[in-house]
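Visitor: Dropping a structure here in structure tokens format, bear with me for questions.
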Amino acid sequence: MGRVVLVTGGSRGIGRATALAFRDAGDTVIVASRGGDSPDGLPAVAMDVTNTASVEAAFDAIEADHGPVEVLVANAGITRDTLLMRMSDDDIDAVMQTNLVGVIRCARRSLRGMLKAKKGRIILVSSVVWGMGSAGQVNYAAAKAGLVGMARSLAREVGSRNITVNVVAPGFVDTEMTQGLPEERKQEILAQVPLGRYATANEVAGSIVFLASAEASYITGAIVPVDGGLGMGH
Ligand code: NDP
């Protein structure tokens with residue numbers, strides 16, 4: 001389709017699968033991460049979403065090399081799980097800065113090109129815990145819930161400019177982020193998932209690509225759950 005697509009956190013996991021899916025659909029995909037890694041040979045930029053100057057510099061470089069970003073997939077995220085009583089200021093700040101403020105920064109910067117082009121797609125990667133909550137993830141769930149308010153506000157701001165803003169809310173996905181969980185916790189989680197298994201990163205990528213497609217042109221401010229039924233009712 002020949003669009004310029006930026007996937008933050010595109011060097012592994014869900015972001016990597018998403019980048020490959022857009023590439024296979026014919027788009028020009030740039031992957032961004034702190035490390036600037038490009039395991040599949042896609043164009044890559046080093047970007048730390050917690051730092052405005054780094055976000056600016058990365059977008060400047062993308063625009064110079066490829067043109068303005070038409071599709072932003074704000075996927076970069078981290079966890080710093082522990083009970084709130086034990087959560088440090090750094091655990092709170094790092095997760096809020098990466099998973100919420102970083103997304104706002106990237107969306108704000110991407111709007112420059114999208115407003116001029118009078119078209120664009122912004123897709124935010126939240127989590128099923130945005131609505132269900134999750135013990136041990138007060139920082140993470142707060143940031144992921146914040147993305148919903150952000151998406152819906154921005155969808156209202158830019159709808160008239162042919163820019164859509166949507167949220168994908170994955171359940172448990174088999175990536176490095178979840179591979180570190182203790183076996184007992186994994187089994188507890190699986191027992192609550194109606195489909196009885198984790199998602200693959202490709203299953204999440206499919207919904208992200210759909211939200212950027214022509215078929216999704218009238219969808220904005222929506223939350224698409226990709227959670228095997230875990231979040232039903234939330
Ligand atoms: P991974 O840990 O596998 O990958 C995270 C990616 O984000 C990496 O590319 C990493 O690269 C990048 N990243 C982290 N911090 C920053 C930063 N400050 N600036 C730029 N890039 C950064 O995660 P997943 O693929 O599992 O998760 C992707 C998204 O999906 C996250 O937002 C996560 O919260 C969400 N999610 C994941 C679920 C799961 O079960 N895995 C479930 C629900 C939601 P680098 O370290 O080089 O910066």
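Visitor: Out of the residues in the range 1-38 that are basic (Lys, Arg) and touching a residue at least 24 places away in the same chain (Cβ under 8 Å), which is nearest to the ligand (Cβ to nearest atom)?
Guide: Among residues in the range 1-38 that are basic (Lys, Arg) and touching a residue at least 24 places away in the same chain (Cβ under 8 Å), the one nearest to the ligand (Cβ to nearest atom) is 12.
Rundown of residues vs (1) within 16 Å of the ligand (Cβ to nearest atom); (2) touching an Asp or Glu at 6+ places or on another chain (Cβ under 7 Å); (3) free of Cβ contacts under 8 Å to residues at least 24 places away in the same chain; (4) part of a helix (DSSP H, G or I), yes/no style:
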| site | (1), (2), (3), (4) |
| --- | --- |
| 42 | yes, no, no, no |
| 61 | yes, no, yes, yes |
| 72 | yes, no, no, no |
| 80 | yes, yes, no, no |
| 111 | no, no, no, yes |
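Visitor: Pairs, please: C-beta under 8 Å, at least 6 apart or cross-chain, first residue within 16 Å of residue 129 (Cα to Cα) and in the range 183-194, second among the acidic types (Asp, Glu)?
Guide: Filtered contacts from the range 183-194: 193/227.
We did not get these values from a lab; they are worked out from the coordinates using the rules stated. Please read these numbers as outputs of a predicted model, since none were measured by experiment. Cβ coordinates were reconstructed from backbone atoms using ideal geometry, including for glycine residues, and neighbour counts include every protein chain displayed.
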